[in-house]
Amino acid sequence: MIGAAPVGSLDVDISKLRSARGLIRLCLTADPDNFPNCVDDRHAVTRSVPATQHGIRFAALPRGDYAVAVIHDENGNKKLDTFAGIPREGFGFSRNPVIRFGPPRFAAARFTLQSDAEEQQIRMRYIL
């Protein structure tokens, strides 16, 4: 189509899962104000896949800047469990930024989808 916005696909590969229990929950957003939760972002793309599946493809995405947040929801309760504010389940972000106190900012996890196919490798982290 003439004038159609170019699109691409994104493959997200996840490594360092400590178990195959539960689900992997992914949130892909282009909105810095809704990262990492995607709660109020109507354009966010969220997916849940079994933890035995270590990758997922997002197809037909408009080109541009995005960030991905991932949690390993081992007990399947649809949230990241914490104890005294410290995550009890695994988490990860695109570009694998250094984690200090709290989640990284959008800018630290941001990548640009600028071709027909891109890939992000996300390493899961566990604190407890």
Anything in the range 34-48 that is touching a residue at least 24 places away in the same chain (Cβ under 8 Å) and farther than 15 Å from Gly92 by Cα? List them, or say none. none
Scanning the range 15-64 for residues that are in contact with a Pro (Cβ under 7 Å, 6 or more places away or on another chain) and in a loop (DSSP other than H, G, I, E, B), the one nearest to Arg105 (Cα to Cα) turns out to be Pro36
Suppose we filter the range 65-86 for residues that are under 16 Å from the mean Cα position of the chain (by Cα) and either loosely packed, with under 14 Cβ neighbours inside 10 Å or part of a strand (DSSP E or B) (or both); how many remain? 11
Output the residues belonging to the range 65-99 that are under 27 Å from Glu118 (Cβ atoms) and among the polar types (S, T, N, Q). Ser94, Asn96
Being within 17 Å of Asn37 (Cα to Cα), surrounded by fewer than 20 Cβ atoms within 10 Å (Cβ to Cβ) and of a type in the set (S, T, N, Q) is the filter here; which residues of the range 89-128 pass it? Asn96
Residues (touching a Ser or Thr at 6+ places or on another chain (Cβ under 8 Å) and within 20 Å of Glu118 (Cα to Cα)) located in the range 49-62: His54, Arg57, Phe58, Ala59, Ala60, Leu61
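No value in this document is a laboratory result; all are computed from the given coordinates. Since the structure is predicted, the reported quantities are computational estimates derived from the model, not experimental observations. Reconstructed Cβ throughout: ideal geometry from the backbone, glycine too, with neighbour counts over all protein chains shown.
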